[in-house]
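Okay, so here's the structure we're looking at.
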Amino acid sequence: MSILVTGGAGFIGSNFVLDWLAQSDELVINLDKLTYAGNIENLQSLNSDHRHVFVQGDIGDSALVANLLAQHPPRAIINFAAESHVDRSIHGPEDFVQTNVVGTFRLLDAARAYWSGLQSDAKQNFRFLHVSTDEVYGSLGKEDPAFTETHRYEPNSPYSASKAASDHLVRAYHHTYGLPVLTTNCSNNYGPYHFPEKLIPLMIVNALAGKPLPVYGDGQQIRDWLYVKDHCSAIRRVLDAGHVGEVYNIGGWNEKPNLDIVHTVCALLDELSPRVDGKSYREQITFVADRPGHDRRYAIDASKIQRELGWKPAETFETGIRKTVLWYLENQNWVTNVQSGTYREWLEKNYTGRAA
Ligand code: NAD
Ligand code: DAU
């Protein structure tokens, strides 16, 4: 038995693969294009592990995917592969349409051809699990109830619009062709191997480097944070027991304004790796011009997955964020290696001339 994971060298995908193989001997075929966000170093501990087969390639390469499916017939496909950064989607939306829309479509089509040719039990048991985001639901007002699975789609960024399109294609492949799909929509993740273009790792990395901590707008936008390993356990649970064709929201019941997140990161660093001048890392906070079209609030109502599948997060924000800061402090080589020339170019493009 095997599973095909796409995007398994990225932040969540690599955590998923590592956790999977820590709990099971089932072979993982890992298809990843290794874009700027894909990092094979995340999977270093699996270098001589025969349960992990890494293939560099694009989910939109139909011939490659068809070959892989024929060569290592999987019982499930878990699709993490995506362009995932909202700010990059504002600067250059085309890659998002290519991977998140066209790529998902081609992957679905290859999966359909493969699934159609399976025999009885294998056909019945096959699953296509699509990993999506709460951003497809748009932005909430302060007093609005959290997103449920039936909340209307109102994506506001090129990223969330492309993810919304992919969710609709997944739904359509079930409705039209009967492909046994599952969709998960998760809130903001944080934890090990998070690329430092996203809020939490950027703040840790910049703080330690003595650089400004750029907070967009007034810093009062709210996100609902979930430790990445809890996201991975939720996906495993949905894969095991989710009802075909259903959507499951995944979240940590943990809404926080961005500025509170930055203050928490600073407080942990003050405790665990104090500045030499004895001052707080908070001194490095700099308010910068807001993200265009910035969604004000996300919040996930995760009661369906708890009620129907018995899943809930294992970490609180306090335990998860401490583990995360410690991981970055203990993995300074990883931090150095990810800060390539293209990473520095991205920082130039996104932050230069932005000071409020
Ligand atoms: P990431 O950007 O860290 O990783 C994406 C991975 O996909 C990278 O390894 C990249 O090389 C690979 N990839 C990109 N285009 C590809 C292509 N065409 N073919 C094959 N591989 C390709 O992203 P992430 O944060 O790990 O997110 C993974 C998935 O989870 C995405 O679908 C994202 O929308 C979703 N998600 C993320 C979060 C979050 O907070 N990070 C929350 C909810 C949902
Ligand atoms: O909600 C799930 C989504 O969470 C995922 O689908 C996306 O893939 C993931 O990137 C994340 O999107 P966000 O835009 O919420 O994450 P990001 O870390 O980029 O930003 C979090 C918040 O912090 C957001 O309100 C913008 C703000 N921010 C971000 C950066 C990078 C800052 O204030 N300053 C920054 O420098």
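The values are calculated or read from the model by the stated rules, or taken from the named source; none is laboratory data. Just so we're clear, the structure is a prediction, and the values are computed from it rather than from any experiment. A quick note on method: Cβ atoms are made from the backbone with ideal geometry, for glycine too, and the neighbour counts reach across all protein chains shown. To get the accessible areas, we keep the full protein, side chains included, count just its heavy atoms, and leave off ligands, DNA and RNA. Shrake-Rupley method; radii C 1.70, N 1.55, O 1.52, S 1.80 Å.
Below, the figures for the structure above:
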read-out	value
C-alpha long axis of helix 341-351 to longest principal axis of the chain, angle in °	60 degrees
Derived scalar couplings ³J(HN,Hα) [the range 129-137; Karplus, 6.51 cos²θ - 1.76 cosθ + 1.60; whole Hz; x for Gly, Pro]	9, 9, 8, 10, 10, 6, 5, 5, 7
The chain: angle of helix 158-177 to the longest principal axis, Cα-based, in degrees nearest 10	20 degrees
The range 59-129 shape via C-alpha gyration tensor axes, a/c threshold 1.5	prolate
Within the range 85-192, chymotrypsin sites (Phe, Trp or Tyr not before Pro) in DSSP loop having at most 15 other beta-carbon neighbours inside 10 Å	153
P(r) weight above 24 Å for the chain, C-alpha pairs, percent	56 percent
The chain - percent relative contact order, Cα under 8 Å, separation 6 or more	17 percent
Extension gain, residue 45 back to residue 355 (0.36 nm per residue minus Cα-Cα distance, nm)	107.6 nm
Whole-Å distance, taken between Cα centres, linking the range 1-79 and the range 315-335	24 Å
Probe 1.4 Å, all protein chains present, accessible-area order of 329, 21, largest first	329, 21
Mean ellipticity per residue at 222 nm, deg cm²/dmol - from DSSP H runs of n ≥ 4 across the chain, formula -39500 (n - 2.57)	-12500 deg cm²/dmol
Summed residue charge, Cβ within 11 Å of residue 178's Cβ, Lys/Arg positive, Asp/Glu negative	+2
C-alpha long axis of helix 258-272 to longest principal axis of the chain, angle in °	70 degrees
160, 48, ranked by accessible area, largest first (probe 1.4 Å)	48, 160
Highest-fluctuation residue, 175, 194, 52 considered, GNM on the chain with Cα pairs under 10 Å	175
Along principal axes, Cα extents of the range 40-93, largest first, whole Å	39, 29, 17
The chain, accessible surface, carbon-and-sulfur percent (1.4 angstrom probe)	50 percent
Accessible surface, the chain, averaged per residue in Å² (probe 1.4 Å)	43 Å²
GNM result for the chain, Cα springs below 10 Å: residue of 70, 161, 81 fluctuating most strongly	70
Spatially proximal lysines relative to residue 312 (Cα-Cα < 27 Å; intrachain offsets below 8 disregarded)	142, 163, 198, 229, 256, 304, 323
Exposed-site-free run, longest, the chain (rule: trypsin sites (Lys or Arg not before Pro); DSSP loop; at most 16 other C-beta within 10 Å)	153-274
The range 214-221 - phi-based ³J(HN,Hα) in whole Hz, Karplus 6.51/-1.76/1.60, Gly and Pro as x	x, 9, 6, x, 8, x, 9, 5
Check: the chain dipole with +1 on Lys, Arg Cβ and -1 on Asp, Glu Cβ, in debye	140 debye
Centroid-to-centroid separation of the range 177-224 and the range 243-278 [C-alpha atoms, Å]	9 Å
Average Cα contact separation per residue, the range 1-74, under 8 Å, 6 or more apart, as relative contact order %	36 percent
Relative contact order %, the range 1-150, counting alpha carbon pairs below 8 Å whose residues are six or more apart	24 percent
Separation in nanometres of the label points that stand 7 Å from Cα toward Cβ, at residue 273 and residue 339	1.0 nm
Cα gyration tensor category, rounded, prolate or oblate, for the range 1-76 with a/c compared to 1.5	oblate
Rh by Kirkwood over Cα pairs, then Stokes-Einstein D for the range 166-248 at 1.002 mPa s and 20 °C, µm²/s	138 µm²/s
Solvent-accessible surface (1.4 angstrom probe) belonging to residue 243, in square angstrom, nearest 10	100 Å²
